[in-house]
Amino acid sequence: MMDNVSVITMFTLSGLSGTTNYRVILFVLTLLCYSVIWLVNLTIIVAVIVDRKLHEPMYIFLCNLCINGLYGTAGFYPKFLMDLLSTTHVISYTGCLLQGFVLHSSAVADFSLLVLMAYDRYLAICRPLMYHSVMTKQRVCVFMFIAWLLPMYLLFMSTITTSTSRLCGSHIPRIYCVNWLVAKLACSASITNIIIPAFNYTFYFSHCGFVCGSYVYMIRTCIKSKENRSKFMQTCIPHLFSLLVVVVSLLFDLLYMRFGSKELPQSAQNFLAMEFLILPPIVNPLMYGFKLTKIRNKILNFVCGLSSVFSKS
């Protein structure tokens with residue numbers, strides 16, 4: 001048996017086994033969804049990069065949140081679209097680990113960036129006199145570097161740990177690879193495969209506690225000032241909504257992976273698996289695009305400029 005485990009080079013993904021009859025419809029809908037994700041996120045990214053007035057910490061963090069949305073979905077949608085057009089749904093061992101790394105690191109990077117945005121709003125509302133001395137260009141760069149590096153490092157360690165396991169199976173009951181499911185295929189249980197993911201989950205979901213605590217403090221501060229209430233409603237409500245969408249989407253997926261029933265229809269299982277790859281990447285840029293005045297005005301001016309150019313031509 002040990003001779004066989006070392007030659008596993010491909011995994012079988014069984015999530016699309018029951019979609020033969022409506023695979024073309026799924027392909028069109030998925031391609032449309034992925035196009036929308038690129039459109040809304042790229043619009044925010046370009047708006048922030050082009051307009052110097054948006055070169056402020058809050059908008060820089062938002063820009064990185066949108067970049068992370070494109071990074072994470074790039075680990076899923078191209079492969080999923082190819083699988084919809086194929087009769088065999090397999091992925092290489094290396095490709096599986098890479099996909100798991102991209103999806104997981106993107107998910108936890110969302111938490112890091114949302115924590116930075118919460119800290120930025122806390123300083124702007126509760127410590128306005130300290131804001132510019134704390135949120136300097138150098139410190140913003142350091143914050144961004146840590147927000148990207150820490151998730152990459154933690155998930156890299158988790159992926160390396162998973163890759164060292166000797167596997168006794170090659171079947172993954174999902175539409176994409178998850179490191180935790182690959183670890184379940186190991187011939188023997190490893191304490192590191194339990195401790196490292198548990199630490200990562202605990203560490204990043206504890207970020208929610210930090211964000212909630214900062215917002216409780218901000219709400220108390222905003223009650224005393226009409227100006228702060230207006231600032232809170234304009235910039236903090238989108239952030240809270242984004243956090244809620246990310247947490248709920250990931251919790252649904254994680255709870256289903258751990259405790260979900262196999263009797264659930266395959267389509268429902270696929271939706272739960274895809275939820276965090278659909279809702280946050282679309283909802284986040286739309287929420288901020290509509291709610292933040294500077295970004296909304298920038299986008300409207302750009303659209304009006306394009307329409308005038310086309311009308312003249």
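If I filter the range 96-118 for residues that are open to solvent by 50 Å² or more (accessible area, probe 1.4 Å) and of a type in the set (Ser, Thr, Tyr), do I get at least one hit?
No, the range 96-118 contains no residue that is open to solvent by 50 Å² or more (accessible area, probe 1.4 Å) and of a type in the set (Ser, Thr, Tyr).
Just the residues that are closer than 19 Å to residue 159 by Cα and either in contact with a strand residue (DSSP E or B) (Cβ under 9 Å, 6 or more places away or on another chain) or open to solvent by 10 Å² or more (accessible area, probe 1.4 Å) (or both), please, taken from the range 59-81.
Across the range 59-81, the qualifying residues are 71, 74, 75.
With respect to the numbered conditions (1) open to solvent by less than 40 Å² (accessible area, probe 1.4 Å); (2) of a type outside the set (Val, Ile, Thr); (3) at pLDDT 85 or above; (4) over 30 Å from residue 225 (Cα atoms), which one is the sole condition not fulfilled by residue 169?
(3)
Can you run down the residue pairs with Cβ atoms below 9 Å, 6 or more apart or on separate chains, where the first is in the range 33-54 and in contact (Cβ under 8 Å) with a residue 12 or more places away in the chain and under 13 Å from residue 66 (Cα atoms) and the partner is among the aromatic types (Phe, Trp, Tyr) and open to solvent by less than 80 Å² (accessible area, probe 1.4 Å)?
37/77; 44/59; 44/288; 47/59; 48/59
Which of the residues belonging to the range 206-226 are open to solvent by less than 60 Å² (accessible area, probe 1.4 Å) and part of a helix (DSSP H, G or I)?
207, 208, 209, 211, 213, 214, 215, 218, 221, 222
Check whether at least one residue in the range 132-143 is more than 25 Å from the chain's Cα centre (by Cα), aliphatic (A, V, I, L, M) and within 22 Å of residue 65 (Cβ to Cβ), and report yes or no.
Checked against the condition, which is being more than 25 Å from the chain's Cα centre (by Cα), aliphatic (A, V, I, L, M) and within 22 Å of residue 65 (Cβ to Cβ), the range 132-143 yields at least one hit.
Would you call residue 247 modelled with pLDDT of 70 or more, assigned to a helix (DSSP H, G or I) and crowded, with 16+ Cβ neighbours inside 10 Å?
yes
Scan the range 82-133 for residues that are among the polar types (S, T, N, Q), touching a strand residue (DSSP E or B) at 6+ places or on another chain (Cβ under 9 Å) and modelled with pLDDT of 90 or more and jot them down.
92, 99, listed by residue number.
Under 7 Å by Cβ, and 6 or more places apart or on different chains, what pairs join a residue from the range 132-154 that is more than 15 Å from residue 105 (Cα to Cα) with one that is of a type in the set (A, V, I, L, M) and buried (at least 18 other Cβ atoms within 10 Å of the Cβ)?
What qualifies is 134/123; 135/123; 140/60; 143/116.
Pick from 262, 298: which is outside any helix (DSSP H, G or I), modelled with pLDDT under 75 and either of a type outside the set (A, V, I, L, M) or under 17 Å from the mean Cα position of the chain (by Cα) (or both)?
Testing whether each residue is outside any helix (DSSP H, G or I), modelled with pLDDT under 75 and either of a type outside the set (A, V, I, L, M) or under 17 Å from the mean Cα position of the chain (by Cα) (or both) leaves just 262.
I need the full set of residues from the range 46-64 which are acidic (Asp, Glu) and under 22 Å from residue 149 (Cα atoms), in order please.
56
The values are calculated or read from the model by the stated rules, or taken from the named source; none is laboratory data. The model shown is predicted, which means the values in this text are computed figures rather than measured ones. Every residue, glycine among them, receives a Cβ derived from its backbone with ideal geometry; neighbour counts consider all protein chains shown. For accessibility, only protein heavy atoms count, side chains too; no ligands or nucleic acids. Shrake-Rupley method; radii C 1.70, N 1.55, O 1.52, S 1.80 Å.
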